[in-house]
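Presented below is the structure to which this report refers.
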Amino acid sequence: MYTFVLVHGAWHDGTAWGAVIEHLESKGHRAFGPTIAGNGKGVDKKVTHAQSTQSIVDFMVQNDLREVVLVGHSYGGTILSKVVEQIPERIKRLVFWNAFVLNDGESLNDNAPPHYRQLFDPMASASPDNTVMLPFPIWREVFINDGDLELARWSYEQLSPQPYQFNEKLDLKKFYEIIRSGRVPCSYLNCTEDIALPHGEWAWHPRMSNRLGLFRLVQMPGSHEVIFSNPIGLAEKIIEAGRD
Amino acid sequence: MYTFVLVHGAWHDGTAWGAVIEHLESKGHRAFGPTIAGNGKGVDKKVTHAQSTQSIVDFMVQNDLREVVLVGHSYGGTILSKVVEQIPERIKRLVFWNAFVLNDGESLNDNAPPHYRQLFDPMASASPDNTVMLPFPIWREVFINDGDLELARWSYEQLSPQPYQFNEKLDLKKFYEIIRSGRVPCSYLNCTEDIALPHGEWAWHPRMSNRLGLFRLVQMPGSHEVIFSNPIGLAEKIIEAGRD
Amino acid sequence: MYTFVLVHGAWHDGTAWGAVIEHLESKGHRAFGPTIAGNGKGVDKKVTHAQSTQSIVDFMVQNDLREVVLVGHSYGGTILSKVVEQIPERIKRLVFWNAFVLNDGESLNDNAPPHYRQLFDPMASASPDNTVMLPFPIWREVFINDGDLELARWSYEQLSPQPYQFNEKLDLKKFYEIIRSGRVPCSYLNCTEDIALPHGEWAWHPRMSNRLGLFRLVQMPGSHEVIFSNPIGLAEKIIEAGRD
């Protein structure tokens, strides 16, 4: 039986993992879905990427979690990379689920097609707290393309503005030292209809997955948001990606 | 409940949609499979792309169809692009099913690998009426690779020679204005074993789908001809691609 | 009903096909899984690629097998290409299952990412008999990524050192003459989670499959080693790839 810590993506918070956690627990695993600092409704949004990272480190240390299979979704991948630099001894495996694997010295926006930056840069500047929100048409067509309109609307209501850390360049030298040494093995879980990053030149897989070097690939049908459209299927694939 | 107008591909005619329409109707939708002018057996083949387009516009106007989900397969994608320029107010959504999405000013042959043009150009010149036919070995191996030989033979008998409009360059400025404005949303339905256009450099997806800008991706297993090898599965995916 | 000859990949021997053969026979087909010369446990490993090829030719001739659907996995694809040059009249169709399709004059290593050669070249030199073995971590994460640890360990025990023929350049002019003429049709069976060759620049499909020219594509979910993780599913897809 495994201990999973599930790190959500941008605009989400830890409650999004509810049905996934329930299924993991029904299979005898332990699973936690902490909310990253700066995420969720009604909280202080003025947090840096380092502060967001620290909140997940603190969660794992305070709960004394060990042998953790650490799963990150989307933006959550950037958190994973920095968490493992701080507490590699607590982590059994990293699972990137359609998650950013940045090259050393890059920002999230360096890895996203230009139209996202063109959308978000002015939006963040115009906001009172340097946050951005995903427009509903993009959510419906590109993030949850496998859901119906009702699910798209319901899930959109769960979202909240995201601290705009997407231009922060991350030093990832230690991350790459750790994973290249084989000290913490990695998996990449890819949803085959995920076009939150468009297929082709800017795709999640194999563009970012191959940066992991030796890694295990697991795939499943579905969009970027199977957390809402197919949480049980997602939980099953997290087990497949996370097991020894 | 939706109103679907289904536009077939080259060599096919509207009867190919029979089982798809039956399934859509059984789910409470309205569905129509008109035959494009110049297609089908025993008809005048000397038609231009504009005349072919006009036949679909006329069908929709004469039947006073509104709020139409307009679906196009393969060559039918080039028809969709020109129909929406004429009657955007009748169209709720465009669904390109392994269909050509040409750049402005391009022809279908500009988007197909050279071996097709090398095959078809002389064939059209040698024909009495500027038509081309698909050789059976290509049909069997590359178009209906998921069917057995009996299905390949039976379905091949349904085909008829195609007016050779593949070198006509199309003005698509208005098409791109309409879809880029978000006035008519678009979906792309991709069959993952479709090698009518070979995977890689010349692939349907993401090469042509990405030209749509913001679009919904839906995928299903199968060849270019699931209309014959899996019509019920196709109907289900047309609903998923076509819904709001 | 068909006659299948199944040619295993590197490190494997013919016994790996056991469950596949059983399923093919249960469907009324004949199926054979010979061991390539130099493969298997406790045999002379000092064999060239030509000698390995000859052992399969001999097997087919001595058993007077005709109308053979010849299936090759991985390294076995290089054997297929040379066998068909010698006895094309006995072969009904070639099925490359995540198998190497080399360009004329190339070696297997010319078609694999550099890290494999960097791993294997010194390993072969250091071995007493010019053989190489696949390290278990690569087997577990990259070859049998869809299996659990127990299956990974059990199947790894079936393997044995491989004669290091991977730098032999193969003359494949006759092979390409035969398949380009259409005399022996070809299929490519691709497992969609196979990262033994990483997805992208170095992928099995469409990089090597497209070299076949006109070919039938069949795909299934799974890793490079569905022979162990899903032999019945593999047998079903071999039938789909191999039928007329």
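Tell me whether region B:118-244 comes out rounded, prolate or oblate; compute the Cα gyration tensor, take square roots of the eigenvalues as a ≥ b ≥ c, and use a/c under 1.5 as the rounded threshold. Before the final figure, lay out the partial values.
On the way: a/c = 2.12, a/b = 1.23, b/c = 1.72.
Note, shape of region B:118-244 comes out oblate.
Checking the a/c ratio against 1.5 first, then a/b against b/c, what shape does the Cα gyration tensor give for the protein assembly as shown? Intermediate results must be reported in sequence, preceding the final value.
Numbers: a/c = 1.95, a/b = 1.00, b/c = 1.95.
Note, shape of the protein assembly as shown comes out oblate.
Pop out the ³J(HN,Hα) list for region B:148-160 in order, Karplus 6.51 cos²θ - 1.76 cosθ + 1.60 with θ = phi - 60°, rounded to Hz; leave Gly and Pro as x.
8, 5, 5, 5, 4, 5, 4, 5, 4, 5, 6, 7, 8
Over chain A, what is the relative contact order in percent, taking alpha-carbon pairs closer than 8 angstrom and at least six residues apart? Kindly include the intermediate steps, with their values, before the conclusion.
Values: 464 pairs, mean separation 56.5, N = 244.
The value is 23 percent.
List every residue whose amide H lies under 5 Å from the amide H of C:Thr192, counting only residues 5 or more places away in sequence or on a different chain, with H placed 1.01 Å from N in the peptide plane.
C:Met220, C:Gly222
Under 5 Å between amide H atoms, partner at least 5 residues away or on a different chain: which partners does B:Ala10 have, H built in plane at 1.01 Å?
B:Tyr75, B:Gly76
Using a Förster distance of 60 angstrom, determine the FRET efficiency expected from the C-beta separation of A:Glu168 and B:Trp154, and round it to 0.05.
On the way: r = 60 Å, r/R0 = 1.00.
Once rounded, the FRET efficiency stands at 0.50.
When a/c is below 1.5 the answer is rounded, else prolate if a/b is larger than b/c, else oblate, so apply that to region A:181-244 with a ≥ b ≥ c taken from the square roots of the Cα gyration tensor eigenvalues.
Numbers: a/c = 2.99, a/b = 1.15, b/c = 2.60.
Oblate is the answer for region A:181-244, as a/c is 1.5 or above yet b/c matches or exceeds a/b.
Could you list which residues have their amide H under 5 Å from that of B:Arg216, counting only those 5 or more apart in sequence or on another chain, with H placed in the peptide plane?
Correct list: B:Cys186, B:Ser187, B:Tyr188.
Using +1 at the C-beta of Lys and Arg and -1 at the C-beta of Asp and Glu, which of A:Val71, B:Gly14, A:Ile195 has the Cα lying farthest in the positive direction of the dipole of the protein assembly as shown?
Result: A:Ile195, furthest along the dipole toward the positive end.
At a 1.4 Å probe radius, which order do B:Arg207, B:Arg117, B:Arg30, A:Arg93 fall into by accessible area, largest first? Numbers along the way, then the final one.
On the way: B:Arg207 55, B:Arg117 85, B:Arg30 120, A:Arg93 15 Å².
Result of the area sort, largest leading: B:Arg30, B:Arg117, B:Arg207, A:Arg93.
Would you mind pulling out the separation of the Cα centroids of region B:157-172 and region B:1-28, in Å?
Taking the Cα centre of region B:1-28 as reference, the centre of region B:157-172 is 20 Å away.
Largest first, how would B:Glu236, C:Glu106 line up by accessible area (1.4 Å probe)? Can you show the working numbers first?
Values: B:Glu236 70, C:Glu106 45 Å².
The most accessible residue leads, giving B:Glu236, C:Glu106.
Which log10 I(q)/I(0) values, to two decimals, does region A:83-128 give at q = 0.18 Å⁻¹ under the Debye formula with one point per Cα?
-0.75
For C:Lys46, give me every one of the aspartates and glutamates with a C-alpha distance below 12 angstrom, ignoring sequence neighbours fewer than eight places off in its own chain.
C:Asp129
Output wanted: per-residue J couplings in Hz (rounded whole) for region A:181-190, from phi through Karplus 6.51 cos²θ - 1.76 cosθ + 1.60, θ = phi - 60°, x for Gly and Pro.
Calculated HN-Hα couplings, in order: 6, x, 5, 10, x, 10, 10, 10, 9, 10 Hz.
Enumerate the calculated ³J(HN,Hα) couplings along region A:39-49 in order (Karplus 6.51 cos²θ - 1.76 cosθ + 1.60, θ = phi - 60°), each rounded to whole Hz, writing x wherever the residue is Gly or Pro.
9, x, 8, x, 10, 5, 9, 8, 10, 8, 4
Other chains' Cβ within 10 Å of B:135-143 residues: what's the mean?
Numbers: counts 1, 0, 3, 1, 0, 4, 8, 4, 0.
Shielding by partners across B:135-143 averages 2.
I want to verify a result. In a Gaussian network model of chain C, Cα cutoff 10 Å, which of these has the top mean-square fluctuation: C:Asp146, C:Asp13, C:Asp104?
Its mean-square fluctuation being the largest, the pick is C:Asp104.
So if I take the centroid of the Cα atoms in region A:82-148 and the same for region A:176-244, what is the distance between those two points in Å?
15 Å
Give me the percent of DSSP beta bridges within the protein assembly as shown that run antiparallel, rounded to the nearest 5. Present the calculation step by step, with values, prior to reporting the outcome.
Values: 6 of 80 bridges.
Just about 10 percent of them are antiparallel.
So which of B:Lys27/B:Lys237; C:Lys41/C:Lys82; B:Lys45/B:Lys174; C:Lys82/C:Lys173; B:Lys82/B:Lys173 end up more than 18 Å apart by C-alpha?
On the way: B:Lys27/B:Lys237 13 Å; C:Lys41/C:Lys82 24 Å; B:Lys45/B:Lys174 28 Å; C:Lys82/C:Lys173 10 Å; B:Lys82/B:Lys173 10 Å.
Over 18 Å apart, Cα to Cα: C:Lys41/C:Lys82; B:Lys45/B:Lys174.
Over the C-alpha atoms of chain B, what are the Rg and the largest Cα-to-Cα span, Dmax, in Å?
16.4, 47
DSSP loop chymotrypsin sites (Phe, Trp or Tyr not before Pro) in region A:19-88 with at most 14 other Cβ atoms within 10 Å of their Cβ, which ones? It would help to have the intermediate numbers written out before the result.
On the way: sites: A:Phe32, A:Phe59, A:Tyr75; in loops: A:Tyr75.
For chymotrypsin sites (Phe, Trp or Tyr not before Pro) across region A:19-88 that sit outside H, G, I, E and B with at most 14 neighbouring Cβ atoms in 10 Å, the list is empty.
Mind putting a number on the dipole of region C:72-190 about its Cα centre? Charges go on the C-beta only, +1 for Lys and Arg and -1 for Asp and Glu, and I need it in Debye to the nearest 20.
Dipole of region C:72-190, to the nearest 20 debye: 520 debye.
The values are calculated or read from the model by the stated rules, or taken from the named source; none is laboratory data. Just so it is clear, the model here is predicted, and its values are computed rather than measured. No Cβ is skipped: glycine too gets one built from the backbone with ideal geometry, and neighbour counts run over all protein chains shown. Each accessible area value is taken on the protein alone, full model and side chains, heavy atoms only, with ligands, DNA and RNA left out. Shrake-Rupley method; radii C 1.70, N 1.55, O 1.52, S 1.80 Å.
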